[in-house]
Amino acid sequence: MELTREEEEILKGRRGEAAARALEAIVKVGEALGAERLVPIRHAHVSGVSYGNIGEAGARFLEELAEQGARFAVPTTVNPLGYDPWDPGFYGATREYVEGQERIIRALTRMGALPSFTCTPYKTSLFEAEAPPPGSHVAWGESSAVVYANSFLGLRTNREGGPLALLAAIAGRTYYYGLHTPEGRIPRVEYRVEAPGPLGDAEAGVLGAIIGEAHEDPEPPALRASFEGDLALRELSAALGAAGSVGMVYVHGLTPEPLPRGWRPEERVTIEAGEVRARLEEHAPASPGEVDLYFVGCPHLDYEDLARLASYMRRYGPSRKPFIAATSNEAYIRALGDGTASTLRSLGVRIARGTCLIVSPMNLRGVTVATNSYKALFYLSRRGARVRLAGLEQLARLAAGAGET
Ligand code: F3S
């Protein structure tokens, strides 16, 4: 691999031993993939930071890195934790779990992490304060955020695992490969959805799963479809990331970068609305009685989603079953300011901040969870839960006991 003089200097230890080791690892991975050079990054997002995910070995690894003087060379946000750091008893975290999670937070903060604790870092002021312009190279873990960043923010990132995003944050560089290169971002296959109207949140997730499972190209899929709003785009991104290896989707009319002049797909695939509907119906809740727990916020809800949920619940009534809405601390504070948070609380919604049910220590075996997120369905099923899928509004209606889905 061809390195710049500065990169050679970093490898020799000019920025310390930890940065040298981090860059060395990035170079090795890049060489294994056939990358010819590195590229400086403007931002990093580190996933895999919950104690439930990385355990004692991961906590010790991060502590050692911080101890050795590792520091993030670029603004670095981090994914949700295993419990709500503002309410550690929530989700049933044990004392040992809380201590382990706190050690992870301390080590990451010492290295310079911004305390975002969200899988939608692009929705926070911590990100916006130094937001990299479209076209910038970044290194993000968290597949839902990777797909969203590449597809709707015009950023360039591969799907990094948590450790590689961390090492890239320390090195300030990643390998120039895949979705960092212009040619790696040009779709070959185009999917077209024949639907009468825009797709809502749950439908967008189902579509993401259908495409994610079918798409085998290293290049991103192109997509002709319309969506109800940003929540649907986040659900699409999350499902694409969960169901396959897709790191970007080129949505005509929404993806900011232009395709090369005269671009035509080599292959066209039509997805009938009926296919999306049938898949959704397969997972639809049969009745309010069968649901034990409602969960929304995978990826994290933003303030607008919380306000929308509050208006649905005002319309249909309080939830008769536990109802968790996961969000970032920032969105929560905004919702607190205008009374949205207290409205939700009074209607039976527990707002969980900075955390993720999927990696939480909560025992979900045998629990029937209803969610609007295909990604949550995908992972909660693996944790032994029975999972039902419906849109945000349908969930609010069902939770109030209205019976319809
Ligand atoms: Fe976020 Fe956890 Fe879902 S990190 S995308 S809420 S699996």
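Just so you know, all these numbers are worked out from the coordinates, no wet-lab data involved. Bear in mind that the values here come from a model prediction, so they are computed numbers and not experimental data. No Cβ is skipped: glycine too gets one built from the backbone with ideal geometry, and neighbour counts run over all protein chains shown.
Tabulated results
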| item | result |
| --- | --- |
| Per-residue Cβ neighbour rank within 10 angstrom, fewest leading, V98, V193, V46 | V98, V193, V46 |
| Residue of V251, V49, V146 that the Gaussian network model of the chain assigns the largest fluctuation, springs spanning Cα pairs under 10 Å | V251 |
| DSSP beta bridge pairing in the chain, given as percent antiparallel to the nearest 5 | 10 percent |
| Exposed GluC sites (Glu not before Pro) absent: longest stretch of the chain, with sites in DSSP loops and at most 12 other Cβ within 10 Å deemed exposed | 267-403 |
| Whole-percent pair-distance distribution, where bins are 10 Å wide, for the alpha carbons of the range 5-180 | 11, 39, 35, 13, 2, 0 |
| Whole-Å semi-axes of the range 217-335's equivalent ellipsoid (Cα gyration tensor) | 33, 19, 13 |
| Label zone at L33, where the point sits 7 Å out along the Cα-to-Cβ direction: the range 147-170 residues whose backbone N lies under 17 Å | 147-151, 155-170 |
| Label-point separation in nm, A286 to T181, each point 7 Å along Cα→Cβ | 5.2 nm |
| Length-normalised contact order of the chain in % [C-alpha pairs under 8 Å, at least 6 apart] | 18 percent |
| Alpha-carbon Rg with Dmax, taken over the range 183-281, Å | 12.5, 40 |
| Share of alpha-carbon pairs per 10 Å distance bin for the chain, given as whole % | 5, 23, 31, 25, 12, 3, 0 |
| Residues of the range 1-35 with amide N under 13 Å of the 7 Å Cα→Cβ point at E130 | none |
| Kirkwood Rh (inverse of mean 1/r, distinct Cα pairs), the range 284-399, angstrom | 13.9 Å |
